[in-house]
Number of protein chains: 2
Amino acid sequence: MRPFFEPRGVMVVGASASPEKLGAVMAASLEKSGVPLARVNPRANADGFATSAAEAARQIADSGGHPDLAVICVPAGATPAALADCAAAGARAALVCSGGFSEIGPEGAAIEDRVRDELARGGMRLLGPNTSGFFAPGRGLIASFVPGAHRVAVGSVGIVAASGGVNHMLAFRLSGQGVGISLGVGIGTGVDVDHADVLAHLASDEQTRVIALHLETCDDGPALLAAVRAATARKPVVALVVGRNNVSEFARSHTGALATSWRTTRSVLSQAGAVVVDDEEQLISAVIGLSGGRIAASRSPGAALITGQAGPGLLIADELGSRRVDLPVLSEQTRQRIGELLPPLTYQANPVDTGRPGPGFSEVIAAVADDAEVDAVGVYGLTEPVLDMVSSVRRAKEMQRGSAPVIVAMDGPEEELAADRSAAVGAGVPFVTGPLGLAQAVAAVVEDARLRALDEAAVAVAGPGLEASGGWDEHAAKRLVAGLGIATPERRVVVSREEAHAAFTELRAPLAVKILSETLLHKTEVGGVHLGIADREALDAAFDALLTIGAERVLVEEMAPSGIDLILGARRDPVFGPIVLLGIGGTAAEAIGDVVIRSAPLSTEIAAAMPDELQAAALLRGWRGGPAVDTAELAACIAGIGGLLVANEWIDELEVNPLRVTAEGAIALDAVLVTRKEDDGVDTDN
Amino acid sequence: MRPFFEPRGVMVVGASASPEKLGAVMAASLEKSGVPLARVNPRANADGFATSAAEAARQIADSGGHPDLAVICVPAGATPAALADCAAAGARAALVCSGGFSEIGPEGAAIEDRVRDELARGGMRLLGPNTSGFFAPGRGLIASFVPGAHRVAVGSVGIVAASGGVNHMLAFRLSGQGVGISLGVGIGTGVDVDHADVLAHLASDEQTRVIALHLETCDDGPALLAAVRAATARKPVVALVVGRNNVSEFARSHTGALATSWRTTRSVLSQAGAVVVDDEEQLISAVIGLSGGRIAASRSPGAALITGQAGPGLLIADELGSRRVDLPVLSEQTRQRIGELLPPLTYQANPVDTGRPGPGFSEVIAAVADDAEVDAVGVYGLTEPVLDMVSSVRRAKEMQRGSAPVIVAMDGPEEELAADRSAAVGAGVPFVTGPLGLAQAVAAVVEDARLRALDEAAVAVAGPGLEASGGWDEHAAKRLVAGLGIATPERRVVVSREEAHAAFTELRAPLAVKILSETLLHKTEVGGVHLGIADREALDAAFDALLTIGAERVLVEEMAPSGIDLILGARRDPVFGPIVLLGIGGTAAEAIGDVVIRSAPLSTEIAAAMPDELQAAALLRGWRGGPAVDTAELAACIAGIGGLLVANEWIDELEVNPLRVTAEGAIALDAVLVTRKEDDGVDTDN
């Protein structure tokens, strides 16, 4: 990516003498960087313009540079030829801003194919098309036609956004909060350079301490996840995924691609270590919170809240609760210490209500931050002319023995707030706006630590590699499932009344009697399932009924005790490859879409965290005296079927539905295995 | 409330000569209003201090005023006596800021009781205790000790907040967005003046165009709802309710009361016409959006989105989708008109992607706003030095034939954004920050219109008044339910085998056979329910089994076809009185808490909107070929049992569980009626 972001020279193809034209704006913007620059316009007769890429390369060479980067500002149709010329002149990277490619239909797609050919031929990388570009404020390198892009502040946040508009929006917003940008990139259509490429660059870029990721679509899921995993190993990544709702028609007009499955994308990004957020405001707060540094990886980090006003403190505590952030009760020792410092009427257990903060404020913050249960501290207050809160936090940081980060949010008259913000930025104290912002910032720091705790424990469960074969009826699928250590009911396959009666003798009634078929997916709907068979008469009746619907083989099996029905499945997502799904059985849960997703392979530790994310999680913890799920057992089941899909390319889908959680453990009551068909995609949830 | 907010004179009791003390800060702040002011301090020997309330009243009278308002700045223990003195001196309203009352425990509660006695004796109203006060910036009347409160901008938003801190926080934040405040009030402990009092004042206050409501607890639900209903009939109310999570211990330390049931409170506030929001950022965006005016009441208003950049536009469209805001496809005529104005590559169906906005921007906005399907328009763009977006919107407003409000959000370098914001404020154009803010603002305008459309149709269903009686077993409860027009299964009450066999002859097997009891609430758990009785042998076995568990009367009834099980209930909420609940049956939905609540009485129109708010709503629309609910029939059931509870004080609770939705209609398979016990509260959900 260096030819893009650290070029030794830049040529702007399609630079115009009219200052308002795209090419002229780009050239004027790039010129400020001090990197040798040449303007190319075959029809230009103005001074200084090169009439060809080759001439531009000579101009750049004369200035001691090399034309690493070509910024192409010509219409879509002229782009392939321009790329060829630039490659021939020595360019290694190209930025194409214009639209008119695959997002407009077949005609544009044809041009895009020619662009790809030229890239392959010239050994060049391309950013775009359909992007407003990128900026590296620290180098003064602003390859963007957005007015004001040169005002983005210098700093340590790297942005990789699907959309150039979102890239700029985030950069402006963060700059407004006093948080600068190391590099901001809008991917656009993403014909060549994609999120993964830029993530890899940002991961190793020393100026970048936090990465903001905005995603609309993804072509290569595994590459994206690998890049996120590599990046989160080194620095925090905060991810915003578009597409909760059906916005695909508009999305396609924008990037030429359908929005990626929102839920799956969020799940697997989180699993790869990214802090996944719901909207751009939360992204901004999370990035600012994490700019204060990570905390140690932990399954359940503790946060503390110190507030100058109880009402806003209650809003923050409520919001932290929604984000599963624990506010542990402070130790006796800490409470004694802050009890000496605070008026007696205030709440001091955590949240710590300081009343209106007084002179001992720094000591209170330091004492709370050093509590053994506290990993991160949020401080909220209205601006106070007599007490400089930011200085108090700075002094507290000096007193602190430990390293718990302290994040501050304030509200007050605009000018006072601006002064406090700039003091905080100067002191390196993360500073967000308002109760919600503080809760989001603290929650991001906690979530980043939680994800790393899971990640460190991640040893993926590998499945057995099996010979590909057909003939997967329920019995065979259950045998496979049993091989993974998942319990299945005692059962017999029978082809005659006599065998059925023998099975009845051997098994414990009541029994289930079902049609066995390799092709029939919906047994119940054709009357292929008879339950609660308690005597031989009922058995005969069921057997005969199955014969009349064409059964050749019949499964006779013991029924399980009552319990809670789960759905456990593994599939191949068209973008992210093997994934596992855990859901609650029954139509209500299905209608709600109460499902948790992970990519496979996965460790049992990661699988063990899945049930807690179900909306109906309480159901698995012994609901109204019912059985509680054995998390370790369930995790082994989940990781096992994930591993199986990974190890066996020929399996397309395996679903255990229901997996019944009983007082005696989990048992697979039905199992369906679908083998891979040639050239066949798989539907995913959205 | 006028003695508080439009006093003819103010005395500050406990005013100190030390300028940093609370009383001195208050007096200094109030003095700026120009309202005659007197400082009371019995021990003061400084010039100008009155040594008693009576002397203060004389000072105020000498300045041509009357001491309407007493601001009490003495410790809790001295407050009752101070109130008595002020009442005697003619004060009609008192503001008490200090803490140390019921929120600290029994000792404080005793003082609070004495305060109540003094109020009753003196015929005085009291705001507080434990609040930072109130401010009416338009009058320069700042009865607040918060530094910077005098910098709150003058405007048309009224705030009534549970917490003084939140009152100030919202006022500062709105001021920072260029939106001023008419009156901001922090209720504090709310010993006397509560949200309903202030809402009533704001509803009739001509300066106030939008009301922001922040609620932590509520003692008198019906009074609050009546106040919200009266206010929303005249102007929009946006409500933020604290307590999604268990924050009650901290809340109690703050206001002395438990947080109110969050879910019920939100539901009934919404039913009363308030736009209910999730956090303070959404509240701010909603208030700004509604400051541009309401749109006509409508069941399904249409919104349009015009964006300068597709990426942020996609974020906004996605967020609008989550908030159930419809973006109807624009008419052929509108699309033709904007097609003439926009470059051909952009998406123009709605959202309208203008590319980078050009000179025809005003015409585009006007054309979209005048589309027949469009009731409100959101416009988003990055700041553009060459195109003044706010002026474009203003020009568009002049061209517009209709009255659809246009709300603008922009992002860009801080200074440009500030300039655009102040231009928007000057032009009366609602201006919010960022994609999320715009979606929230537009959604608030749409939601306000939707709620009014329901409200106008509201003719509550009254229930029959019945003679109070005991003896409510399942059969009696079902008779009552049947009287409301809800279908119940054909059934017989039997006391002998012979009667059971007679019932078997008359009814259509399979049958359910159940114990009948006026006291037993959980029949199934004691083996009191036998289902699927298909023959006389099974009938005998079931009957005998019920005898062994003590059954004296037995219910024999026909079983219903399969379908979707709902839970329909009516209860008395300790705060809001009669409420109805609709939920999905089954443990999974119960664990998720998929329930919709309304206060009773309610119209069938309001009831008809309930199923759509269930998370599992899809289940009721013919899930996988299953039966679809007859909404009108279900609405009649809901409104009916609500009306019953309202008309019959002696009924505490009535629950139909399940109410089964079948292809032939809804049928009550079980019903439980609980009569009122003396002095007995009812649990509510949270």
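Some points to look at:
- Scanning the range B:274-297 for residues that are in a loop (DSSP other than H, G, I, E, B), closer than 13 Å to B:ILE211 by Cβ and among the hydrophobic types (A, V, I, L, M, F, W, C) yields a single hit, B:ALA274.
- For the range B:136-146, the criterion of being under 19 Å from A:PRO343 (Cβ atoms), touching a His at 6+ places or on another chain (Cβ under 9 Å) and either at pLDDT 95 or above or not assigned by TED's automatic domain parsing to the domain that holds B:GLY23 (or both) is satisfied by at least one residue.
- Flag if A:ILE606 is open to solvent by 10 Å² or more (accessible area, probe 1.4 Å), out of contact with any helix residue (DSSP H, G or I) (no Cβ under 7 Å at 6 or more places or on another chain) and either touching a residue at least 40 places away in the same chain (Cβ under 8 Å) or not acidic (Asp, Glu) (or both): no
- When every residue of the range B:36-57 is checked against the conditions, none turns out to be touching a Leu at 6+ places or on another chain (Cβ under 8 Å) and part of a helix (DSSP H, G or I).
- Residue in the range B:653-666 that is free of Cβ contacts under 8 Å to residues at least 40 places away in the same chain and either open to solvent by less than 10 Å² (accessible area, probe 1.4 Å) or away from chain A (no Cβ under 14 Å) (or both) present: no
- Flag if A:LEU582 is closer than 19 Å to A:VAL481 by Cβ, hydrophobic (A, V, I, L, M, F, W, C) and in contact (Cβ under 8 Å) with a residue 60 or more places away in the chain: no
- Of all residues in the range B:366-386, exactly one satisfies the criterion of being acidic (Asp, Glu) and either part of a helix (DSSP H, G or I) or within 14 Å of another protein chain (Cβ to nearest Cβ) (or both), namely B:GLU384.
- Residues being part of a helix (DSSP H, G or I), within 13 Å of chain B (Cβ to nearest Cβ) and open to solvent by less than 40 Å² (accessible area, probe 1.4 Å) - total across the range A:422-442: 7
- The set of residues in the range A:213-228 that are open to solvent by less than 10 Å² (accessible area, probe 1.4 Å), within 14 Å of another protein chain (Cβ to nearest Cβ) and either among the acidic types (Asp, Glu) or not in a strand (DSSP E or B) (or both) contains only A:GLU216.
- Residues considered: B:ALA54, B:ALA15. Of these, the only one that is without any contact (Cβ under 8 Å) to a residue 40 or more places away in the chain and of a type outside the set (Val, Ile, Thr) is B:ALA54.
Residues are listed down the side, and each one gets a yes or a no for (1) free of Cβ contacts under 8 Å to residues at least 24 places away in the same chain; (2) surrounded by 19 or more Cβ atoms within 10 Å (Cβ to Cβ); (3) in the same structural domain as B:PRO627 (by TED's automatic domain parsing):
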position: B:SER496; (1), (2), (3): yes, no, no
position: B:ARG508; (1), (2), (3): no, no, no
position: B:LYS514; (1), (2), (3): no, yes, no
position: B:HIS530; (1), (2), (3): yes, yes, no
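- A:THR334 vs. criteria modelled with pLDDT of 95 or more, over 21 Å from A:ASP420 (Cα atoms) and among the β-branched types (Val, Ile, Thr): yes
- Screening the range A:460-487 for residues that are touching a Lys or Arg at 6+ places or on another chain (Cβ under 9 Å) and open to solvent by 30 Å² or more (accessible area, probe 1.4 Å) and picking the one that is nearest to A:GLU649 (Cα to Cα) gives A:ALA468.
- Exactly one residue among A:VAL529, A:VAL580, A:VAL513 is away from chain B (no Cβ under 14 Å) and either farther than 30 Å from B:LEU614 by Cβ or not β-branched (Val, Ile, Thr) (or both), and that residue is A:VAL513.
- Just one of the listed residues (A:ALA635, A:ALA570, A:ALA589) is open to solvent by less than 30 Å² (accessible area, probe 1.4 Å) and either within 14 Å of another protein chain (Cβ to nearest Cβ) or assigned to a loop (DSSP other than H, G, I, E, B) (or both), and it is A:ALA589.
- Any hit, the range A:615-623, residues being more than 15 Å from A:ILE584 (Cα to Cα) and buried (at least 21 other Cβ atoms within 10 Å of the Cβ): no
- Candidate set from the range B:387-407 (those that are within 14 Å of chain A (Cβ to nearest Cβ) and under 12 Å from B:GLY308 (Cβ atoms)); member that is modelled with the lowest pLDDT: B:LEU387
- Selection of the range B:615-632 for residues being small (Gly, Ala, Ser) and within 14 Å of chain A (Cβ to nearest Cβ) yields B:ALA616, B:ALA617, B:ALA618, B:GLY622, B:GLY625, B:GLY626, B:ALA628.
- Here the condition is being open to solvent by less than 40 Å² (accessible area, probe 1.4 Å), among the hydrophobic types (A, V, I, L, M, F, W, C) and more than 21 Å from the chain's Cα centre (by Cα); of B:VAL556, B:VAL596, B:VAL526, it holds for B:VAL556 alone.
Residue-by-condition table, conditions (1) free of Cβ contacts under 8 Å to residues at least 24 places away in the same chain; (2) within 14 Å of chain A (Cβ to nearest Cβ); (3) buried (at least 23 other Cβ atoms within 10 Å of the Cβ):
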| position | (1), (2), (3) |
| --- | --- |
| B:VAL277 | no, yes, yes |
| B:LEU283 | no, yes, yes |
| B:ILE288 | no, no, yes |
| B:GLY292 | no, no, no |
| B:PRO301 | no, no, yes |
| B:ALA310 | no, yes, yes |
| B:GLY313 | no, yes, yes |
| B:LEU330 | no, yes, yes |
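- Sole residue being at pLDDT 95 or above, assigned to a helix (DSSP H, G or I) and within 14 Å of another protein chain (Cβ to nearest Cβ), chosen from A:ARG266, A:ARG252: A:ARG266
- When B:SER132 is tested against (1) at pLDDT 95 or above; (2) touching a strand residue (DSSP E or B) at 6+ places or on another chain (Cβ under 7 Å), just one condition goes unmet, and that condition is (1).
- The residues listed here are A:SER18, A:SER33, A:SER52; of these, the one that is open to solvent by less than 30 Å² (accessible area, probe 1.4 Å) and polar (S, T, N, Q) is A:SER33.
- Restricting attention to the range A:62-75, the residues being open to solvent by 10 Å² or more (accessible area, probe 1.4 Å), touching a residue at least 40 places away in the same chain (Cβ under 8 Å) and out of contact with any Lys or Arg (no Cβ under 9 Å at 6 or more places or on another chain) number 2.
- Considering (1) closer than 26 Å to B:ALA227 by Cα; (2) part of a strand (DSSP E or B); (3) touching a Gly at 6+ places or on another chain (Cβ under 6 Å), the lone condition that B:VAL596 does not fulfil carries the number (3).
- Subset of the range A:299-328 [farther than 17 Å from A:ALA444 by Cβ and polar (S, T, N, Q)]: A:THR307, A:GLN309
- Of the criteria (1) crowded, with 23+ Cβ neighbours inside 10 Å; (2) away from every other protein chain (no Cβ under 14 Å); (3) out of contact with any Phe, Trp or Tyr (no Cβ under 6 Å at 6 or more places or on another chain), which one A:MET410 fails: (2)
The values are calculated or read from the model by the stated rules, or taken from the named source; none is laboratory data. Just so it is clear, the structure is predicted and the values come from calculations on it, not from any experiment. Counting neighbours? That spans all protein chains shown, and the Cβs are built from the backbone with ideal geometry, glycine included. In case anyone asks, the SASA skips ligands and DNA or RNA and just uses the protein heavy atoms, side chains included. Shrake-Rupley method; radii C 1.70, N 1.55, O 1.52, S 1.80 Å.
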